[in-house]
Every structure is written in C-alpha cells, then in structure tokens.
Number of protein chains: 4
Amino acid sequence: MKVPRAQDNTSEEIISKRVSLLKAMGIDLPHTTHYRFDPSCTQGNIENFIGVAQVPLGLAGPIRINGEFAKGDFLVPLATSEGTLVASYSRGMKAISEAGGCSARIHADFFMVPYMFQFKKPEEAAQFTQWCEEHSQEIARVMEGTTQHGKFHGMKLENVPLGILIEFEMQTGDAMGANMVVVAAHTATEWIAENAPNIDRRDCHLVDMGKKAVASRRTRGFGKNVTAEVRLSEDVLREVFRTTASDWMRLYRAVQQHWSVSGAQGQQCMFANGLAALFIACGQDVGYLPEATCGSLLASELPDGGLHVTAEIPCLVVGTVGGGCTLPTQKECLQILGCEGSGKARKFAEIAAGVALAGELSVLSSSTAREFVDAHQRLGRKNPP
Amino acid sequence: MKVPRAQDNTSEEIISKRVSLLKAMGIDLPHTTHYRFDPSCTQGNIENFIGVAQVPLGLAGPIRINGEFAKGDFLVPLATSEGTLVASYSRGMKAISEAGGCSARIHADFFMVPYMFQFKKPEEAAQFTQWCEEHSQEIARVMEGTTQHGKFHGMKLENVPLGILIEFEMQTGDAMGANMVVVAAHTATEWIAENAPNIDRRDCHLVDMGKKAVASRRTRGFGKNVTAEVRLSEDVLREVFRTTASDWMRLYRAVQQHWSVSGAQGQQCMFANGLAALFIACGQDVGYLPEATCGSLLASELPDGGLHVTAEIPCLVVGTVGGGCTLPTQKECLQILGCEGSGKARKFAEIAAGVALAGELSVLSSSTAREFVDAHQRLGRKNPP
Amino acid sequence: MKVPRAQDNTSEEIISKRVSLLKAMGIDLPHTTHYRFDPSCTQGNIENFIGVAQVPLGLAGPIRINGEFAKGDFLVPLATSEGTLVASYSRGMKAISEAGGCSARIHADFFMVPYMFQFKKPEEAAQFTQWCEEHSQEIARVMEGTTQHGKFHGMKLENVPLGILIEFEMQTGDAMGANMVVVAAHTATEWIAENAPNIDRRDCHLVDMGKKAVASRRTRGFGKNVTAEVRLSEDVLREVFRTTASDWMRLYRAVQQHWSVSGAQGQQCMFANGLAALFIACGQDVGYLPEATCGSLLASELPDGGLHVTAEIPCLVVGTVGGGCTLPTQKECLQILGCEGSGKARKFAEIAAGVALAGELSVLSSSTAREFVDAHQRLGRKNPP
Amino acid sequence: MKVPRAQDNTSEEIISKRVSLLKAMGIDLPHTTHYRFDPSCTQGNIENFIGVAQVPLGLAGPIRINGEFAKGDFLVPLATSEGTLVASYSRGMKAISEAGGCSARIHADFFMVPYMFQFKKPEEAAQFTQWCEEHSQEIARVMEGTTQHGKFHGMKLENVPLGILIEFEMQTGDAMGANMVVVAAHTATEWIAENAPNIDRRDCHLVDMGKKAVASRRTRGFGKNVTAEVRLSEDVLREVFRTTASDWMRLYRAVQQHWSVSGAQGQQCMFANGLAALFIACGQDVGYLPEATCGSLLASELPDGGLHVTAEIPCLVVGTVGGGCTLPTQKECLQILGCEGSGKARKFAEIAAGVALAGELSVLSSSTAREFVDAHQRLGRKNPP
C-alpha cells in the first residue's frame, strides 16, 4: 500500500490512480471528487491531491463594523458543521449592528521567527550580540532581499541560558507571512553564520514555528494584534438578547472567575468557533487557531444600563493573498467580505475581531436568558442524542 | 441587506434567494454552489446554507499503528491549503511504519461541562454539597435519562470562592459529546434547582464550553486523553530523515528550552497542523483545536543510537457519529480510515495521535537536516514571495 | 575550609567552633550570636546553627475578622525590612475594621504528595489502577498508621502518559503537614510496592514537593483554600483611602487587563508582601510563598457607591504546631494572634487571608490617590536613591 | 485597641508602649525584644517596630563558584526553620565543589516598572507613542535626575487594547531597585503628563509592582537573569550522592513530565527553599520570591556517565545596598559571602544561582537514592508526627 506519486503530481492521471487505490480498498469518493476546478491550481497548497473536503457554508450577518480598514455592513461566510453556530453569531452581529456597529483597531502587525544561537563560551555570546547590533542594517537588507512584499520590522536579541535568541520580525503585507519570514530569517542566519565570528551552524536552531498559544507573545502580539469593541444599550440587550446588563455581568463575573480558577489560557468563551469557521471559509491557515484564542473578553456595565464589551485578539495570523486565499471557493468567500487580494489583510483582521465579539455577546446572552440549551436542541441536532 | 430565511431553511428556493442576494452584490459563487448532495442533509450542521467550502484533500501515509483500537496500516486524508504539510506528515508516517509502527493508547475518555452554583451564605453552600453527594445516583439517572448513548462518568464538586463548582462528566460513546453533555448537565441542574434547598436559578451558571486550552484539564484530560509513541532506530533516522539521534536531541533540547523561556502552552512543535487537517477532512469540530494542542512531545536518546519519542494529547475531543461525521465528504474520509460510525471513536483518536507524532518527527528532523526551508520553498509556494 | 560538625551539633562548643571559623576569616557576628534561648531548641529546624537572623518586627492592625475560626480584632506581627509595608497594611486593616470587618472562609484543607508509578505495558498500568482502588482502605490505614494527627483525605489516581500518577492526600490537623504526608505517602508506596503486582521500585517516583505555583492545584486548592471578603462603603473609601469606588475600579480594570496581557500567574497585586512578613514572623515555611501568590483579587462596584472586594488564596500552606512554630520569637508572634498551638491552623489561615486583603485594598487605593510614591519616599528610604 | 505611634516612632519610649500594650493583653515578648542595636537603625525598614523575629541561621557550604563576579569557595548563611534544608544544600554544594565548581553567569540586569496610559481615541494613542519616541532622551534624563546610582536602561512601548503600555527600565547598580525605579518612573510620568498632548492624569496607571510570577518577564528577565551550571562526573555522583546519571535522569524525566502535566509555573524542584533562606539571612525582599521560582532546571546525561545540570533563574531581584542590607545581622551575613555594600550585587546573584543549583542536585539525588524520607525523618522532625 503506497500512495501513487508522479513528477506532475496534480495530473488527472495520477489523481485517478490514487482514487483507484482507495476504490480497490472498497472506498468510493463520489463527493470528494466532485469539484469543477483544474487540480493544478492546488499546487503549493497540497500534495497527493485526491479531491476536496466539502464543509457547509452558512451566511451570517450583516455586521456593521466601524474600523480603520473595515467600514460598513458585512455578510460573513462561515464554514462549519456545528449546528447553531451561524445562527448564534448572526444574533450577535444583529445586536452589534443595532448598536451602530463595533469599532475595530489594529494595535500591531508583524510576523516573527525565532532562532537560537548557542556558544561554547559566554564571551562569544557577548561578542555575537554586539556583532549583530552593529550589522542590523545589513541583516535587514538580507532579509528584505528575499521578498518583494515583506518589510523588515525588527530584530530582538535576548541573552538566554542556552545562547542568544534572535527574533526576526517582518511586516508581511497582505500575506499571512509564515513562509516569507521563515525564508527571510533562514537566509539571514545563513548570512550571519558566514560573516559573524565563532558560529557553528549546528548550534543555530529554528526554535519555533507558532501554531500554539505562547505567553510571551501575548503582550506584543503576533500577526495582527486586533480588538473590536461595542456599547450595547439597555434596549438592544432587551430586544435582541432578552437580557439586562446586570444579569449579563453576573454571568460574566462567574465565568471570569472560572477562567482564573481553571487556568484558562484564553479568557474568552469561544473565539475558536467563529474564527475556525471564518478561517476555513476564507482559506486561512487553521493551524494558527490556538494562538488566536489566547485573547481576552473585557466587559463593564455602563451607568445607563448598557454594556461595554471588548474582544481582544493579540495573535491573529491571517492574510488575503497567497496560501489558501487563491483557491476557488476561498476566493469567493473573500469576495463576499470585500477582502480578496492586495491591501485587504488588515480589513480582514478587523472583520474577524468583529465576528469574535459577536459570538461572545451571543453565547453569554443566550446562557443568561437560559436559551442556550434550547437553541442547541433545536438547531444542533443530527440524531437522537 | 438581510439574509433570506424560511421555515424550511434548506429548500432549493431559499438557498437560491441567498445566492441571488450575493449575486446582486456582484459576487458569483460557481465553486461554492458546486456540490451533489441534497442540502437538507446539512440540517443540524449549519444555518443559512449557501454551499460548500472546498478544502483540498491530500492522501498521507500509510502509517502503521499498533494501538488497542487502531491496528494496522492507515492511509490518512488531510484537508489543508498549506503546501508541504501532507508531504511532511507522510515522511513522518514512513519513519514510523519502517520502525514497525507506533503504539497508541487511550488514558481517559469523558466529556465534562462545569456549572457554578452561587450562595448567599457559606452554610448554604455546605448543605448543598452534602445534598448533591447524597443525591448523586439520582443526578446520574437524570443525566442518563436524556441520552441513549451517554453514560454517567462522574460528578466532581469543588468549593470555590464564588460558590460550588460542579463538573458533570459523561462517557459519550462515539459522539464527540458536547451537545449530549450540555443537555444532560442542563437537565441535571434543572432537577437540582427544583429539588435542592436554597437554589436561586439566576445564581446557577454554565461557566465553560471548552474551545480553549485550560490548565486544570491537562492532568485528567478532556475528551480522549491519548498518546502515541515510537522507537526509531539509528538506521531509520539516517535513511528516512538524514539525521542522527544526537543531532535530533540537540535541536530538541534547544526547542524545549524555548518552550520554557517563551511560555508555550503546548510543549510540542505543531500538533495543530496535522490535527486541523484531519479534523476538517473528517467532520470534527475544529473549535476544539486549541485544547488539542496543549500536550507535550517527549523524547529521549536510546543507548543504541535510536530515539524514543512520545506525542501526548490529553484533551482530544473527537467523535465518529453525529455532528459533521454524517456529511458526504466527511463520511468518505472516515471510511478511508475505517472509522465511520459506531464503535470507532477511540480508534480515530489513536490514529490522530499517530498523525500528530508523525508531524513532530518530520518537522524536527527536517530542521535538523536543514531541509525545512528548502522543502517549503519547493512545495509551499503559490507566488513569488 | 570545612564547616565544623559534631554528634551533638547544637552544643555551645561546636557552635563556637563555627563562629570561630568565621572570626578567623575576619567576620564578627555580634548580632547574629545575640539570642537568649538554648540552641538545642533549634534541633529539627536547622543544621550547622551559628545564630539568628534578626528581622525587624512591626505591629499592624488591628483588623476585624468575622471568620468561622477567627472572630474579633487582631493585632498582626509582620517581619520585614521593606519600609512602608507595615504602614500600608495597617491602613488596609483600618478600612476593613471600619467597614465592620471582613468575612473569611476555608473552602478546602488538605496536603498532597504525588507519586508516579511507571509500567512497561499498558495492561500492567490498568491492573495496577484496579488493584489500588480495591486496596484503598488498606492504603488509608497504612498512611494513618504513620501519624497521630493526620487523617487520610483521599487518593486520586490519574492515568498519565508515563504511568499512573497517585496523589496521596491527608488532612494534617494543625501541622503544615509536608513532612507528615511525605512520610505517610512514602510508607504507602513501600507497602504498595511490596503487595501490588509488577512494581519495579526504581519506576516509582516522588514527583513533586510543592514550593512553586502549579496550575492544576488552583481549582481544588493545596493546604488551606481560603478567601476573605469585605464591603467598603463610599464613606470608608473617602475617609480612609481618599478615593471613590469608580476611581478604584478604573485602576483595577487597568491592572486586571495588565495581568492578562503580561501573563501574571497570580491575579493579585502583592499578596507576597504581607504573607512573607507574616510567614517569617510566625515560623511558617517561606518556601511555600510561591503557591500562596497564585490566587486572585476580585472586585466589583456596588450600586450605593461602595466596593465589594475578595482576596482568594487557594494554596496557603500553613500550620500552628511543629516546624518553626516552636521557636522562641515565632511562638510569641503566634501568641499575639491567639494562634499558638493546637486547634489554631484554620484561624491562622483566615487571618492570613484578611491580611492579604488589607494589603490589596491599600496598595490600589494609594495608587488611585497618587500617594503610593510619596509614601515610599517618606517611609521606605534608607539612603539617597 | 490601637497601636501607639509617635513622631519619633523608633524611640525607646514608643516601642515600650507598644510592648506594654501586648503585655496588658497577656503576651510577653522576652525573645522578640532581645536585640542589641539601636532601633532607630530600622527606620526606612519597618513601621511600628516592636522587636525582632529571630530565624535560626545555619552555615552551608563551602560551594565553589567560577562566575564572572563570584570566584572561589563560599560559606553560605541560610536562615530557615525547616530541618534538613541546610544539610541538603550542603551536600549539593559539596558535589559542586568536588566537581571543580559551577560556572555562573548574568544574562541581563535591570528593573522595570510598567505604566498604562489610556486614551479616548486611537489617534491620540498613536500620537502619544510617536511623542514618547521623539522625547525618549528627555525622559531618560528625567528618570536619571531622580537617582545617583540608577542608569536608564530602556523604555518599551506597547500598543495594548486599553491604551499604551510603557515599561520603564533602569539598571539599578547594587540596589535591589524597586523604590528607585518606582520614583524614577513616577517622575517620568508626571513629566510626560505635563508635556505630552491629550493626557488625562486619571488615565495614567501604575499597573504592576512585581511580587508574582509573570510569563512575559520570563524571556527577557527581571532583576538579575542568572544561571549556574555544573558537570558532575560518574564518580562524584556515586561518592557524594550514591546515584548514577541514568538513575538520576530516569527520575528527572518523570519529574519533568509531571511539571508539564500539572502545569507547574517553575520547572524546577525547590528553588524557593534555598532562595528564601538566603533572602532572609541577607536582607533581601522576600516578596520577590515568587518570580525567582519561575525558572527551569535543565539536565542531560553526558557520554562519559556524568551529568550536565543548569539552574536558570530569569527573574532574581536582589541587591547589596539599601533596604534590609543595612540591618545588623543581615550585614554580617553579607560579610560571610563577601557581598557587603557597593559593587557586590552581581556577585551575590551568581552565588544565589549556585545555591539554587546545589539544592536541585541534592533533592533529586536523595530521592533517587531513596534517602529523601529518611533524611527528613532524622533531621526535620520536631515532634512525633
């Protein structure tokens, strides 16, 4: 049992060999093989292509966003198989829109790749740090020489027990940026290894690729550091959510206390739901979901009976060009948001923050109003439990 | 701008109204609307259905797994748009298979829903705890009465500052179980509120729904607590990965130190990549990816020049019935793994652990052999950077 | 250079040999050797005794506590060399007392020692778990047989990747309990190793002794899980602290946000200050300070312009018999609190929680009123900066 | 019941009034009041002085340290009431010395105080950041103008959801530095508030004072970022510790796994024990113990049967001038270490790291050799358990 491969690995022929292999094992793929694009468009996205996973798409919204980049009312495509999710987010979006929209804001925007350089002697480490600081402009040039779109953003050196940690940072334009910065950082370390004194290449290590919650990135951010916030009046709370600010805050404080008591890494309810659905619909790298969930939901009661709620996502790694953004359905979903192509990544990030905020408002409100379980009974059921 | 809805919300008519709305905004959806199933099969999975997100599927493997439930060689469908991912996991699977397979094991298996009960006076909390302990069998019966497949697994009471925290636990059979346990726990709290003394329903709160890394679940697990481990010989390391145990361990220790220094929540490289791709392919709830990444990668050098590596995933929330498992392409992918339907959830969890292990082996090895960047240049590129 | 030791290691003769060794190195110890007790009373507390560290003691309070065990007004001895600390805590105690006192409450009370048992084969681990559950009463008897005061509290078994983790729990009466439970758990593991099948003693490890913040202990607690809470009226806030609830909450929310953003382990300002000073004064094991700081400060504004504030200390390891409690000045300090000897440990824990609460109120208030720096300039200065 | 205070709050008269108050309550303080220094020397260290807490001092060592600042053999004064502690650390020191000493190294050295500036509008925050960057030299001058010894080390600005976070950093010479940097940062914020546009002083908050483990400080360090490391040969392991590298590593891996599984904040066994004892003896601020425990213990087996072990303490806040360093016994203890006064803080930090390393070696070895419990039975017992 071996997966058939060929030089041209997306030809009809080789794909059909792979499908036949499964067929021979008794597995038919009528749905998986039902797509209408030329498989060669998946080059750079996948190896050993056999077809497509089809995830149901629902249309949520509209949500009004008053961001710096995203301005207006947006219908939001969400890909999920979890019943209730689209309905619940839509309700949150309705509340936000009736409140006049949420504001949204990018606080920081860069991708980072860390390398560790190890040394036999402390003096060598100290010399190395000095050398790097003296050559930072050349290193910036080397990094920028590997890319048309990326801009050098910084180079942070830390003296850690095992050597010198260098965090290579770039602004990645509208690309999500992982590949771009890995190549730039790799090229920079090659250049450093050739030019700096005392470097043994075997002691120079790429030490992290993200795809996990990391506490030290929480303050500065990673990818887009973005927030969305809204003021909901007493009326909106009552009419959309059948709740009051004081009931909402009572629940919020209990939930907040539970985050502390249980050691929750993200102090939010379910950023992961809406962001996963948005990521899948819009061709984002779903592997970056864990860091996207390490933010916080902040809420306070207003003197007039309303609520002020902020969703903070410090580590949102997204893009609108390259990667999965070029694939057929993904492109269509980005078009729905007006986020296809260049110049749209920050707009997309602001919309994502609005979506996350909508979900938090809705889930806490439905729980307050004791409707959470009923909604799931009604919408989220495939079979008898 | 309002999303059209109807009583029968998956009829051709209402779907086409939604698609027309987008059309009127200038957005065509030729790919999104290209599927060959009856949309009514998505009821319970999505609201406001407009079509499908098509995520490229690649075939990785085979991987040999010597688990308690998964035994044999498996081809693994992975849905992703990140180039290199399938190739990299395949290489790790090859090493595992050449080593005779990885063992895999389920350490715990239950889903949990926490409720907080608040009281005005400490005495009331103490009485309540005693009351719950005296009535635990009745509570178990109430919970089990809401489901055909779930079994009561336990009820943990903790005295926390704001009141009594009850963690309602169930074994959920082959269902992922969130809905099942939410309904059971909700029904139990309704019963408790009716029967126990001094309960004000407004002070009884559902305080967490998961979808995030939570430290307190790390020890006991949540969903499936599963590990996969393998011994790779010197030969396999050299032939498959062009590396040695000592080079591998040098890198591993640098990376491990970086996990400490940076405060990484999961002490692993990229569980998120393979698990996201497997979740999307096989109809799992991708919102549970954050907790799936809070495990560890453990490695030690063997006296004979080999390596012993373990991937530990304490909080893997997966299922093989209900939810997204019933959808057309998702069902086909579960069939590829021999994991469709009843009696397969633990088998699926063991395979997932094997997949995660394969990815870790591969990414660290390619980095050791300085092939990581080359591979991404070759396979993971859509456009000039 | 070797520290002189003898069979009777607290005789005048051997102490004076050690002091002479330092004298010969040019170091006089007129203050360190100035004490009026028989050094033999330090047996069991220290080895190689040379004298005493003299830490200044200040008298704070009184603080009114309405606990279950601590009831009334308490003067509190605090040992510290940090100027302002006693004054600041006293101010917080004044506010609490004027508010009619803080309530205090013990939520849990046990000490725990974890052992890891490793096995070659999964079946052995499963058998072992079953065996332990069947023999839990005998294990409880073995543990209780090693102590006059400790009571078996529970034995938690978890199936972890490397084997079976057993957490041996005891209620330790008025002793802090580390030694008691280590001996009991050790004896239990010896008994288990003799009687259970398939145990290799080299694969049975004591894996933690505390003395650090541990997330998994946050929910259940460790030692005393205790809270203190108070309602401060608008008048008390103005008169004692020259602040208002809304100014206080504005600062609190900024600080709370910083705890999230910076990844603070304890969501409190400075429990460590007051607890360190109380621990040193009263003969507690200061090594348990890190876990004592992993609690939270919770605050909310009241409709009448007041504040409700709770200090939560889930892992407070303290005692009133044994260890340092028997030493001369330590005994005197425990007497000041009415906490000397048997039956006083929970009372002591409630007072400690009140002290921690007082410090939080004071530091946030002084910062709100912009008096924090002035106070430190006035009271906390030894020399020109 | 009111604690007597006076203008001259350390006069014999006022102290004796306080002691009399306790006497009237039936509490005698013969030991607490037994000291031979003039109480006025405690001004700036304590308020409402009543006497001294006398903590037993033991002499550990010698330990050989090959640091940049600490070079040679050191006897180490440890103040504790926990039996076995001095003996255990002495054994670790013996092993280190027989191995030729541990190396030690300072990686970073600065104290930091964070302020949050909040703004009504995003534009104001952006302007403010730019303004601060343009005026950084003036801010540095303002900070340095408040102190004779502190040097400006940096000013880090982060754009966080609630506003702009400024971390004011200083090198504090031989002072621990908290007061120094609080005053400098406070003065800087006053200057900023006067000169920068759009600042409302009520929206400028001091948001942290340390005294807790904080993840974001783990990478860069706080206070002294210091490590100590040693290579122990097979012979030293056998002769001093009656263990072997492979037994030691087996235990270490189990313990390390438990750190992961339990969510331990510091991946070390008991830094807190030795550091608390050293802090109390030498007049350090014990409130900084929690951050001192968030480091790691790193170990690997050497090909020749030896061990390489590193103790890493990224956040060690210590000093040798000011604060408690000027007190009588504290000064004597600093003299024992050759660390009294100016120019000694880094030397002290290197010794502290060596002490922490010694403790880790000893506790893991005694546990490996199954002597841990016996030692505690023999040395750490006051009474029948």
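For B:LEU278, the stated conditions hold: it is more than 9 Å from chain A (Cβ to nearest Cβ), buried (at least 23 other Cβ atoms within 10 Å of the Cβ) and not in a loop (DSSP other than H, G, I, E, B).
Of all residue pairs spaced 6 or more apart or on separate chains, those with beta-carbon atoms under 6 Å, a first member in the stretch A:204-218 that is more than 21 Å from A:PRO314 (Cβ to Cβ) and a second member that is outside any helix (DSSP H, G or I) are A:CYS204/A:PHE117; A:HIS205/A:MET116; A:LEU206/A:TYR115.
Kindly indicate whether D:MET180 is under 21 Å from the mean Cα position of the chain (by Cα), in contact (Cβ under 8 Å) with a residue 60 or more places away in the chain, crowded, with 24+ Cβ neighbours inside 10 Å and part of a helix (DSSP H, G or I). In short, yes. Look through the stretch B:281-301, keep the residues that are out of contact with any Leu (no Cβ under 7 Å at 6 or more places or on another chain) and more than 8 Å from every other protein chain (Cβ to nearest Cβ), and return whichever of them is surrounded by the fewest Cβ atoms within 10 Å (Cβ to Cβ). Within the stretch B:281-301, the match that is surrounded by the fewest Cβ atoms within 10 Å (Cβ to Cβ) is B:LEU297.
What do you reckon, is D:PRO39 buried (at least 17 other Cβ atoms within 10 Å of the Cβ), touching a strand residue (DSSP E or B) at 6+ places or on another chain (Cβ under 7 Å) and more than 7 Å from every other protein chain (Cβ to nearest Cβ)? When the stated conditions are applied, D:PRO39 passes them.
Per the conditions (1) farther than 22 Å from B:ALA352 by Cβ; (2) basic (Lys, Arg); (3) surrounded by fewer than 17 Cβ atoms within 10 Å (Cβ to Cβ), the sole criterion not satisfied by B:ARG18 is (3).
Only one entry of D:ARG250, D:ARG231, D:ARG201 meets the criterion of being of a type outside the set (Gly, Ala, Ser), touching a His at 6+ places or on another chain (Cβ under 6 Å) and either modelled with pLDDT of 95 or more or surrounded by fewer than 24 Cβ atoms within 10 Å (Cβ to Cβ) (or both), and that entry is D:ARG231. Going through C:GLN54, C:GLN43, C:GLN7 one at a time, which residue ends up being over 30 Å from D:ASN48 (Cα atoms) and within 28 Å of the chain's Cα centre (by Cα)? It is C:GLN43. Looking across A:LYS17, A:LYS94, one residue alone is under 25 Å from B:ALA178 (Cβ atoms) and of a type in the set (D, E, K, R). It is A:LYS94.
When B:PHE128 is tested against the conditions (1) hydrophobic (A, V, I, L, M, F, W, C); (2) touching a Leu at 6+ places or on another chain (Cβ under 7 Å); (3) not in a strand (DSSP E or B), the lone failure is (2). Scanning the stretch B:302-334 for residues that are surrounded by fewer than 24 Cβ atoms within 10 Å (Cβ to Cβ), assigned to a loop (DSSP other than H, G, I, E, B) and touching a residue at least 24 places away in the same chain (Cβ under 8 Å) returns B:LEU302, B:ASP304, B:GLY305, B:GLY306, B:VAL317. Of the candidates B:SER260, B:SER233, the single residue that is touching a residue at least 60 places away in the same chain (Cβ under 8 Å) and small (Gly, Ala, Ser) is B:SER233. Does any residue of the stretch D:216-227 turn out to be of a type outside the set (Lys, Arg) and within 7 Å of chain C (Cβ to nearest Cβ)? Yes; the residues of the stretch D:216-227 include at least one that is of a type outside the set (Lys, Arg) and within 7 Å of chain C (Cβ to nearest Cβ). Restricting attention to the stretch D:356-385 and to residues that are assigned to a loop (DSSP other than H, G, I, E, B) and within 14 Å of C:THR187 (Cα to Cα), the residue that is modelled with the highest pLDDT turns out to be D:GLU371. Looking across the stretch B:139-177 at every residue that is surrounded by fewer than 22 Cβ atoms within 10 Å (Cβ to Cβ) and among the β-branched types (Val, Ile, Thr), the one that is nearest to B:GLY341 (Cα to Cα) is identified as B:THR146.
Taken together, the criteria exclude A:THR320 from residues that are in contact with a helix residue (DSSP H, G or I) (Cβ under 7 Å, 6 or more places away or on another chain), farther than 30 Å from A:SER40 by Cα and of a type outside the set (A, V, I, L, M, F, W, C). In the set (1) more than 7 Å from chain A (Cβ to nearest Cβ); (2) farther than 21 Å from B:LYS347 by Cα, B:ALA53 fails one condition alone, (1). If the condition is being in contact with a Gly (Cβ under 6 Å, 6 or more places away or on another chain) and either farther than 14 Å from D:ALA277 by Cβ or not in a loop (DSSP other than H, G, I, E, B) (or both), then the stretch C:43-72 contributes C:GLY44, C:PHE49, C:LEU57, C:ILE63, C:ARG64, C:ILE65, C:ASN66. Among the residues here, D:ILE63 qualifies as in contact with a Cys (Cβ under 8 Å, 6 or more places away or on another chain), within 24 Å of D:VAL286 (Cα to Cα) and more than 7 Å from chain C (Cβ to nearest Cβ). Of everything in the stretch D:66-98 that is within 7 Å of chain C (Cβ to nearest Cβ) and of a type in the set (Val, Ile, Thr), the residue that is farthest from the chain's Cα centre (by Cα) is D:VAL86.
For the criterion of being within 14 Å of chain A (Cβ to nearest Cβ) and surrounded by 14 or more Cβ atoms within 10 Å (Cβ to Cβ), B:PHE128 fails. Residues in the stretch A:248-266 include none that are over 26 Å from B:GLU167 (Cβ atoms), touching a Cys at 6+ places or on another chain (Cβ under 9 Å) and not in a loop (DSSP other than H, G, I, E, B).
With respect to the conditions (1) at the interface with another protein chain (Cβ under 7 Å from one of its Cβ atoms); (2) over 17 Å from A:LYS224 (Cα atoms); (3) of a type in the set (Ser, Thr, Tyr); (4) touching a strand residue (DSSP E or B) at 6+ places or on another chain (Cβ under 7 Å), A:THR310 lacks only one, and its number is (2). Considering every residue within the stretch D:160-168, establish whether at least one is part of a loop (DSSP other than H, G, I, E, B), closer than 20 Å to C:HIS258 by Cα, without any contact (Cβ under 8 Å) to a residue 12 or more places away in the chain and at the interface with another protein chain (Cβ under 8 Å from one of its Cβ atoms). For the stretch D:160-168, residues part of a loop (DSSP other than H, G, I, E, B), closer than 20 Å to C:HIS258 by Cα, without any contact (Cβ under 8 Å) to a residue 12 or more places away in the chain and at the interface with another protein chain (Cβ under 8 Å from one of its Cβ atoms): present.
Of all residues in the stretch C:335-343, at least one satisfies being at pLDDT 75 or above, assigned to a helix (DSSP H, G or I), over 16 Å from the mean Cα position of the chain (by Cα) and buried (at least 21 other Cβ atoms within 10 Å of the Cβ). Listed conditions (1) farther than 30 Å from A:LEU327 by Cα; (2) in contact with a strand residue (DSSP E or B) (Cβ under 7 Å, 6 or more places away or on another chain); (3) surrounded by fewer than 24 Cβ atoms within 10 Å (Cβ to Cβ); (4) touching a residue at least 24 places away in the same chain (Cβ under 8 Å) are all met by B:PRO62, apart from (1). If the condition is being part of a loop (DSSP other than H, G, I, E, B), aliphatic (A, V, I, L, M) and more than 7 Å from chain C (Cβ to nearest Cβ), then the stretch D:13-36 contributes only D:MET25.
The values are calculated or read from the model by the stated rules, or taken from the named source; none is laboratory data. Quick caveat: nothing in here was measured; it's all calculated off a predicted structure. Because the Cβ atoms are built from the backbone with ideal geometry, glycine has one as well, and the counts that use them run over all protein chains shown.
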